[in-house]
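Participant: Can you read through this structure? Questions will come right after.
The values are calculated or read from the model by the stated rules, or taken from the named source; none is laboratory data. What you see is a predicted model, and the numbers here were worked out from it, not measured in a lab. Cβ: placed from backbone, ideal geometry, glycine included. Neighbour counts: every protein chain shown.
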Amino acid sequence: MTTQIFLASTPYGTATLAAALDNGCFAPASRRVLLVSNNAATPETTPAPDAMPGFARLRTRFDDVRSWNAAISPFHPGGWAPRPDDVPLWERYLRLAWDLGDAEDEPVELVVESLQVNPALGLVQIFPGAQVTVYADGLMSYGPTRSKLDPLVGMRVARLLHLDLVPGLTPLLLTEFGVEAEAVPTDAFLRVLAELGGTGGELPVYDRPALLLGQYLAALGILTPEEEEALHVRMLRGASQLGHRQLVFKPHPAAPAGWSRVLEKEAAELGVELTVLDSPVLAEVLYERLRPALVVGCFSTALFTAATLYGLPVARTGTGLLLERLTPYENSNRVPVTLTDALLPELTDRAAVETQEQGMSVSELGELLRAVGFAMQAKIYPELRPAAERYLAAHLDERTRRYFKRRRLTALALPGAVPAQLSFLPRNATVRKVARRARSLRRAVRR
């Protein structure tokens with residue numbers, strides 16, 4: 001009598017779970033509950049995953065659908081966690097509300113995304129006896145765990161399910177607990193997406209248009225609204241300069257309507273046809289229905305599903321700016337941006353876009369990500385220091401330096417921390433201690 005609870009906050013994640021279930025990635029259970037969480041900044045004005053087009057077709061895999069927002073109302077899913085003393089009360093409350101029975105009679109298995117943050121972390125804490133499976137619906141699985149997890153949580157994770165978006169690349173997420181990664185078969189995921197092919201309402205009748213993917217980076221505080229608006233305009237201009245006369249813009253569901261009007265004005269000046277979609281449909285549904293000639297984005301996971309799963313031409317723009325802007329260095333978006341920048345062609349490079357050659361091999365990319373992963377979370381992955389030192393000593397140049405901050409390299413005493421003309425100075429604890437003392441004295445004088 002095991003109940004499996006699947007936590008999902010996006011249609012893409014729900015589709016990933018459906019593919020995993022179809023492929024037999026989970027043992028039989030007496031009941032399967034889909035727990036929907038709307039993590040938008042203002043959930044009251046943003047559709048939840050179960051209100052998105054095509055959800056009814058995904059819902060058939062589950063016996064029941066529940067709302068996490070309703071369960072913890074009026075709190076926000078991203079900002080609430082149970083107080084330690086209240087955990088037994090919350091477990092009793094949720095078992096009653098969701099008809100789960102007693103803990104002794106009906107054990108629970110949890111399947112969650114983004115275990116390091118709420119709502120996943122809070123849910124795992126409420127059911128302390130549950131075995132946990134983590135699934136990744138994006139590129140962050142290839143990076144380090146974003147913060148140090150309580151061993152009482154991390155040791156309960158049995159495996160990491162992920163889509164094979166970069167074939168040959170092994171995820172780093174949760175490896176500090178010895179968690180094994182398991183890929184959800186691509187063909188199973190594509191079959192699920194094919195089921196959603198007729199959703200999303202009417203689409204423009206275009207002959208293989210260019211598809212522009214909007215991201216709401218202003219909401220994350222990475223870019224200002226004006227900068228993100230300019231980023232979308234660059235996508236439009238770049239696609240036009242490559243000869244595309246029919247374009248479709250898929251805005252982020254939470255993006256303001258004003259951005260669309262700016263793009264429409266720019267399209268009119270360039271003499272291209274532009275359709276702005278007003279339905280929050282998955283990008284992969286558009287791949288099925290439109291078969292775009294080019295997919296343009298910043299660092300969206302959808303760029304990799306387009307290239308890897310659908311074999312569509314892709315191009316990136318804006319990654320250089322984001323590598324500079326992401327703060328702190330540990331920001332978990334750094335790995336998706338790094339992957340996109342390192343692998344996919346730049347929109348303004350016509351030859352690279354036409355040939356679709358990868359920027360580096362998968363083995364080179366693996367070495368780069370181990371170095372970036374160590375620089376991001378050195379305390380969680382101390383065993384990666386030798387690999388990071390080897391990579392930086394051999395490969396740090398004008399191209400790869402953009403993935404590292406000199407201050408970060410200095411703090412970790414890694415190669416590349418000082419200019420070449422000062423490389424004769426020893427990198428040892430005494431030198432670092434003197435340097436830290438000098439910096440603290442300089443700050444004290446400035447005050």
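Participant: Would it be correct to say that residue 345 is surrounded by 16 or more Cβ atoms within 10 Å (Cβ to Cβ) and without any contact (Cβ under 8 Å) to a residue 40 or more places away in the chain?
Facilitator: Details: surrounded by 16 or more Cβ atoms within 10 Å (Cβ to Cβ): yes; without any contact (Cβ under 8 Å) to a residue 40 or more places away in the chain: yes.
Here the answer is yes, as residue 345 does meet what is asked.
Participant: Moving on to the next point. Out of region 416-447, which residues are in a loop (DSSP other than H, G, I, E, B), closer than 30 Å to residue 321 by Cα and modelled with pLDDT under 90?
Facilitator: Of region 416-447, the ones in a loop (DSSP other than H, G, I, E, B) are 416-419, 423-428, 447.
Of the ones still in play, those that are also closer than 30 Å to residue 321 by Cα are 416-419, 423.
Across region 416-447, the qualifying residues are 417, 418, 419, 423.
Participant: Can you pull out the residues in region 36-57 that are over 15 Å from residue 16 (Cβ atoms), touching a residue at least 24 places away in the same chain (Cβ under 8 Å) and among the aliphatic types (A, V, I, L, M)?
Facilitator: 40, 41
Participant: Out of the residues in region 396-415 meeting the condition of being among the basic types (Lys, Arg) and in a helix (DSSP H, G or I), tell me which one is nearest to the chain's Cα centre (by Cα).
Facilitator: The residue in question is 402.
Participant: Which residues, taken from region 315-353, are in contact with a Gly (Cβ under 6 Å, 6 or more places away or on another chain) and either closer than 18 Å to residue 367 by Cβ or not assigned by TED's automatic domain parsing to the domain that holds residue 231 (or both)?
Facilitator: Listed by number, the residues that qualify are 335, 342, 343.
Participant: Then there is this: Any idea which residue in region 287-326 is surrounded by the most Cβ atoms within 10 Å (Cβ to Cβ), counting only those that are within 18 Å of residue 401 (Cα to Cα) and within 16 Å of the chain's Cα centre (by Cα)?
Facilitator: Looking at the filtered set, the residue picked out is 322.
Participant: Here's a follow-up. Mind checking which strands (runs of 3 or more DSSP E) fall wholly inside region 160-267 and carry at least 1 residues that are in contact (Cβ under 8 Å) with a residue 12 or more places away in the chain, on the phi < 0 side of the Ramachandran plot and polar (S, T, N, Q)? Step through it out loud before you land on a result.
Facilitator: Details: elements: 180-184, 210-213, 246-250.
So the answer is 246-250.
Participant: Another one. Condition test on residue 70, is it among the hydrophobic types (A, V, I, L, M, F, W, C) and touching a Pro at 6+ places or on another chain (Cβ under 9 Å)?
Facilitator: Working: among the hydrophobic types (A, V, I, L, M, F, W, C): yes; touching a Pro at 6+ places or on another chain (Cβ under 9 Å): no.
No, not satisfied.
Participant: On the basis of being under 19 Å from the mean Cα position of the chain (by Cα) and modelled with pLDDT under 95, does residue 276 make the cut? Give the derivation first.
Facilitator: On the way: under 19 Å from the mean Cα position of the chain (by Cα): no; modelled with pLDDT under 95: yes.
Criteria not met by residue 276.
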